[in-house]
Every structure is written in C-alpha cells, then in structure tokens.
Ligand SMILES: C[S@@+](CC[C@H](N)C(=O)[O-])C[C@H]1O[C@@H](n2cnc3c(N)ncnc32)[C@H](O)[C@@H]1O
C-alpha cells in the first residue's frame with residue numbers, strides 16, 4: 001500500500017537498508033502475521049538515531065500496540081518510557097512482550113484511552129520526547145494535551161502524517177475521508193502554531209517532527 005505512494009524501488013531499497021540491523025524480530029514477525037500496524041523499519045531507525053542524539057530522560061508514547069516501538073525507544077536510550085494503549089487484547093500481548101524484553105523495567109504501560117489518560121496525568125510529569133502513533137483523527141487533541149506535559153525544547157514525533165500519501169492529494173477517498181480531512185486540518189493548524197517549530201519529513205508515509213518552543 002505504502003509502495004503505491006513512494007516509488008516502489010526506492011521503498012524496497014530503504015526498507016532493505018533499514019532492516020539490516022533489525023531488533024525484536026519476533027515482534028516484527030508477529031505484527032506482520034497478525035496485521036498489527038507497527039512502525040516501519042525506516043521509521044524505527046530514524047527514532048533510534050533521534051533518541052541517540054537528544055538523549056531524553058522521559059518519553060511518552062501514545063499508541064503502544066504490542067510494544068515494538070516502545071522497545072526500540074528503550075534500547076536506543078536510557079529514558080523511562082510511559083506508553084498508552086487503549087485496546088484490551090492488544091494490551092495483554094504488550095504486557096507479555098514487556099515481561100520478556102523490558103528486562104530493566106524502563107517501560108510503564110497504561111491500558112486506557114489516551115485522551116482520558118493524558119487528562120489525568122500530573123502536569124509536573126514533564127517529558128523530553130513524545131511519540132504519537134494512535135488514532136489519526138485525534139492528533140490535534142493529543143498534541144494539545146501533550147503540550148502541557150512536555151518540557152520546553154521537547155521533541156514530538158507524529159507518525160503516518162501523510163497517511164499513505166492521501167493527505168497530499170486532492171482526490172476524494174470515500175473510505176478514509178474523515179481521517180484525511182482531520183489530518184489535513186491538523187497539519188494546517190500546526191503550520192501556523194507559534195508554540196512549535198515544525199518539519200514535515202518524508203520518512204515512510206510521513207513523519208511530523210515538532211520542537212516545543
Ligand atoms: C499504529 S499502532 C501503534 C504501533 C506502535 N507505536 C509500534 O510502532 O509498535 C496504534 C495503536 O494505537 C492504539 N490506539 C488507537 N486509539 C487510541 C486511543 N485513543 N488511546 C490509546 N491507544 C489508542 C490502537 O489500539 C493501536 O494499538
């Protein structure tokens with residue numbers, strides 16, 4: 001699906017490059033076999049590199065799924081990670097994976113809707129890095145809540161921002177109309193939001209990297 005958006009040869013070339021140092025292969029295989037959406041290999045490598053540069057102490061993740069990106073972030077940093085996953089069945093698998101792979105107990109997982117979890121969080125709990133990868137139609141609400149929970153200069157990374165490329169196109173897509181409309185609005189709002197410096201990156205189907213000013 002993504003390869004229809006990026007030139008197919010380029011897509012394969014990048015995935016091949018990025019998967020050479022693949023970690024947590026068991027989780028990648030599980031995700032592939034059970035249609036669990038996890039970050040692509042090129043996004044995983046980008047996150048690793050970013051974390052090695054900024055060295056965060058506290059990370060917030062919205063949308064854990066089975067824990068793949070949490071574990072990637074844990075391996076690439078010394079940070080404590082708080083991750084939120086709404087779906088109960090997915091959460092059970094997440095907990096199993098954390099039991100097995102999070103040997104330093106750096107990752108704390110919350111089984112709740114992100115909006116309610118973020119609203120009930122202590123505002124003193126300031127995060128240096130936040131990875132948003134949950135309901136695409138709620139990105140604006142997540143960002144507004146995350147704003148109060150992050151330090152100045154914190155980085156916020158948002159996945160799938162171009163949603164398979166549809167966000168950059170004018171054509172009507174009945175199936176994903178609402179998601180595309182909401183993402184377009186979100187991007188326009190961020191563009192003029194003085195609270196952040198923003199960069200739209202063409203890694204996989206788009207990453208939005210924000211720095212809180
Ligand atoms: C793309 S997956 C996350 C993948 C994960 N970040 C990774 O790369 O390993 C999105 C996850 O967000 C969860 N999710 C969706 N809406 C949510 C919400 N409102 N609150 C918390 N989690 C949510 C879904 O259940 C799903 O497991």
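One line per residue, one yes/no per condition, for (1) away from the ligand (no atom under 14 Å from the Cβ); (2) within 25 Å of residue 89 (Cα to Cα); (3) within 16 Å of the chain's Cα centre (by Cα):
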position	(1), (2), (3)
117	no, yes, no
127	yes, no, yes
134	no, yes, yes
139	no, yes, yes
143	no, no, yes
158	no, yes, yes
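Residues of segment 84-104 that are over 26 Å from residue 126 (Cα atoms), free of Cβ contacts under 8 Å to residues at least 24 places away in the same chain and within 13 Å of the ligand (Cβ to nearest atom): 88, 89, 92. Strands (runs of 3 or more DSSP E) fully within segment 84-176 that include at least 3 residues being surrounded by 20 or more Cβ atoms within 10 Å (Cβ to Cβ): 127-132, 150-158.
Taking segment 34-67 as the range and being closer than 19 Å to residue 91 by Cβ and away from the ligand (no atom under 14 Å from the Cβ) as the test, no residue passes.
What about residue 107, is it closer than 26 Å to residue 89 by Cα, within 11 Å of the ligand (Cβ to nearest atom) and touching a helix residue (DSSP H, G or I) at 6+ places or on another chain (Cβ under 6 Å)? No: the conditions fail for residue 107. Within the option set 64, 70, being part of a helix (DSSP H, G or I) and in contact with a strand residue (DSSP E or B) (Cβ under 6 Å, 6 or more places away or on another chain) holds for one residue only, 70. Among the residues making up segment 28-50, a single one is crowded, with 19+ Cβ neighbours inside 10 Å, in a loop (DSSP other than H, G, I, E, B) and without any contact (Cβ under 8 Å) to a residue 60 or more places away in the chain: 38. Checking each residue in segment 73-83 for being part of a loop (DSSP other than H, G, I, E, B) and within 12 Å of the ligand (Cβ to nearest atom) picks out no residue at all.
Scanning segment 199-213 for residues that are surrounded by 14 or more Cβ atoms within 10 Å (Cβ to Cβ) and more than 16 Å from the chain's Cα centre (by Cα) gives a single hit, 212. Across segment 51-61, what is the number of residues that are surrounded by fewer than 22 Cβ atoms within 10 Å (Cβ to Cβ) and in contact with a strand residue (DSSP E or B) (Cβ under 7 Å, 6 or more places away or on another chain)? So the answer is 3.
Values quoted throughout were computed directly from the atomic coordinates according to the rules given, and no laboratory measurement underlies them. A quick note: this is a predicted structure, and the numbers were derived from the prediction, not measured. Here the Cβ is made from the backbone with ideal geometry for all residues, glycine too, and neighbour counts use every protein chain on show.
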